[in-house]
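Q: Sharing a structure, written as structure tokens. Questions coming.
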Amino acid sequence: MSELNFAVQAQTKLAAQGVGVKRDVRSVAPPLYLSATYAWDDPEDKPGYDYSRSGNPTRTELERALCDLEGAAGGVVTATGMAAVNLPLCLIKPGDRVIAPHDCYGGTYRLLSHRAAKGDFEVEFVDQTDPAALEEAFAKDVDLVLVETPSNPLLRITDVCDLVARAKATNALVVADNTFLSPALQNPLALGCDIVVHSTTKYINGHSDVVGGAVLAARKELADELYWWANCTGVTGSPFDSYLTLRGARTLFTRIERQQLTAQTIAQILQDDPRVARVYYPGLETHPGHEIAKAQQKGFGAMLSVEFAKGVDTIAFLRALEIFTVAESLGGFESLVCAPAAMTHAAMPPEARAEAGISDRLVRFSIGLEHEEDLSKDLFSALRSAYGKSTLRAVAAE
Ligand code: PLP
């Protein structure tokens with residue numbers, strides 16, 4: 001507030017404290033602009049930022065960083081990952097057809113199936129790793145394709161370039177959920193996708209203290225349209241969350257590179273254990289998507305899932321873990337474990353889970369920054385308790 005020619009009440013001073021003051025401090029760390037609104041120099045001269053739902057300098061810092069990371073022409077930071085997944089759906093209309101992976105994130109499945117049930121669009125869940133299923137799905141017109149690769153929780157790998165070619169032939173928009181790898185390990189826009197979405201809650205923030213999302217587009221017009229809808233529907237991210245997310249993102253590469261080394265070691269050890277029926281990790285040569293992952297990713301990531309053999313009590317295993325924390329979410333500095341059927345994918349009907357191959361014996365791990373030897377010790381000690389001594393002897397005798 002500028003100098004006034006008259007005295008004002010304390011409450012007026014309090015309301016005006018610091019409002020509209022021009023600052024020029026050369027801080028190394030970007031400032032956190034919490035202000036909900038911005039002062040106009042002149043009522044006829046709209047400022048660059050006028051209201052924080054529409055634009056906020058702290059959020060802009062993060063948006064710029066994420067656009068650089070994904071090679072995007074523009075984008076918007078949203079309040080949650082689900083808001084990010086929902087935003088491209090604003091671009092389609094009733095009667096339009098969406099193709100989504102049959103083993104996508106449970107919340108995405110819920111969003112698509114419930115919006116489709118209301119008549120917002122039509123949706124078909126398809127195994128995108130199966131060329132015959134894709135052939136059939138693309139036999140009719142498609143308007144939007146959602147791809148999640150690696151998929152959640154089975155780490156299936158979709159050939160993105162092939163999917164993009166099929167989608168372009170029918171003029172469909174391709175939206176990739178890149179949450180599982182982060183821009184450090186995969187850049188879907190460079191593979192031909194139109195839009196990339198993230199739950200920044202995961203690797204990008206990496207500290208399990210923010211829920212957020214981002215939508216980034218290959219072309220400026222598309223980015224502008226998405227930004228318009230984010231403002232219109234009020235789903236833009238908060239300044240404080242943006243501040244923390246940018247702060248967390250600065251160590252993204254270092255974190256995920258370390259985490260994926262540990263994940264590879266653990267996947268290999270588990271693969272050789274008779275109490276484990278199957279390990280889902282794209283870094284294993286036995287993984288059906290290994291070669292495609294090698295070609296389109298810059299690393300195999302730090303997520304892996306395991307199907308235990310008969311005789312392992314999954315609940316007892318989860319209870320016995322001491323370093324891994326049983327919790328939903330992924331991509332943080334700490335190792336997490338979950339049972340997708342009961343937790344992250346509980347929103348999927350049992351038939352859809354069965355169709356996607358998500359059994360009650362499946363356990364998903366998000367590998368954190370702990371020492372790999374300690375994580376292995378924790379896993380094997382929990383496996384011992386979950387298997388029971390008599391069955392252990394049976395394994396040893398096999
Ligand atoms: N996409 C994927 C692949 C996810 O795993 C999640 C959450 O687990 C989401 C989207 C939704 O993100 P959020 O929980 O930040 O809303």
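The values are calculated or read from the model by the stated rules, or taken from the named source; none is laboratory data. Since we're looking at a predicted model, the values are computed, not measured. Counting neighbours? That spans all protein chains shown, and the Cβs are built from the backbone with ideal geometry, glycine included.
Q: Quick check, is residue 55 assigned to a loop (DSSP other than H, G, I, E, B), within 17 Å of residue 229 (Cβ to Cβ) and either more than 18 Å from the chain's Cα centre (by Cα) or within 16 Å of the ligand (Cβ to nearest atom) (or both)?
A: yes
Q: Can I ask one more? Here is a list: 166, 250. Which entry is basic (Lys, Arg), at pLDDT 95 or above and more than 14 Å from the ligand (Cβ to nearest atom)?
A: 166
Q: Among the residues of the range 374-396, is any in a strand (DSSP E or B), closer than 21 Å to residue 267 by Cβ and not assigned by TED's automatic domain parsing to the domain that holds residue 162?
A: No, because not a single residue in the range 374-396 is in a strand (DSSP E or B), closer than 21 Å to residue 267 by Cβ and not assigned by TED's automatic domain parsing to the domain that holds residue 162.
Q: Which one is surrounded by the fewest Cβ atoms within 10 Å (Cβ to Cβ), of the residues in the range 74-102 that are more than 21 Å from residue 239 (Cα to Cα) and within 16 Å of the ligand (Cβ to nearest atom)?
A: It comes out as 89.
Q: Sticking with this structure for a sec: For residue 360, work out the one condition from (1) in contact with a strand residue (DSSP E or B) (Cβ under 9 Å, 6 or more places away or on another chain); (2) away from the ligand (no atom under 16 Å from the Cβ); (3) not β-branched (Val, Ile, Thr) it doesn't fulfil.
A: Only one criterion in (1) in contact with a strand residue (DSSP E or B) (Cβ under 9 Å, 6 or more places away or on another chain); (2) away from the ligand (no atom under 16 Å from the Cβ); (3) not β-branched (Val, Ile, Thr) is unmet by residue 360, namely (1).
Q: Working only within the range 224-248, note down all residues that are in a helix (DSSP H, G or I) and of a type in the set (A, V, I, L, M).
A: Of everything in the range 224-248, those that are in a helix (DSSP H, G or I) and of a type in the set (A, V, I, L, M) turn out to be 226, 230, 244, 246.
For (1) away from the ligand (no atom under 16 Å from the Cβ); (2) under 30 Å from residue 112 (Cα atoms); (3) modelled with pLDDT of 95 or more; (4) surrounded by fewer than 16 Cβ atoms within 10 Å (Cβ to Cβ), each residue gets a yes or a no:
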residue: 288; (1), (2), (3), (4): yes, yes, yes, yes
residue: 316; (1), (2), (3), (4): yes, no, no, yes
residue: 321; (1), (2), (3), (4): yes, no, yes, no
residue: 324; (1), (2), (3), (4): yes, no, yes, no
residue: 349; (1), (2), (3), (4): yes, yes, no, yes
residue: 354; (1), (2), (3), (4): yes, yes, no, yes
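Q: Which members of the range 60-73 meet the condition of being within 16 Å of the ligand (Cβ to nearest atom) and either touching a Ser or Thr at 6+ places or on another chain (Cβ under 7 Å) or closer than 21 Å to residue 32 by Cα (or both)?
A: Residues satisfying the conditions are 62, 66.
Q: Consider the range 103-122. How many of its residues are among the acidic types (Asp, Glu) and either within 11 Å of the ligand (Cβ to nearest atom) or in a loop (DSSP other than H, G, I, E, B) (or both)?
A: Going through the range 103-122 one residue at a time, the tally reaches 2.
Q: Let me ask something additional. If I filter the range 184-229 down to residues being free of Cβ contacts under 8 Å to residues at least 60 places away in the same chain and of a type in the set (D, E, K, R), which single residue comes out as nearest to the ligand (Cβ to nearest atom)?
A: 209
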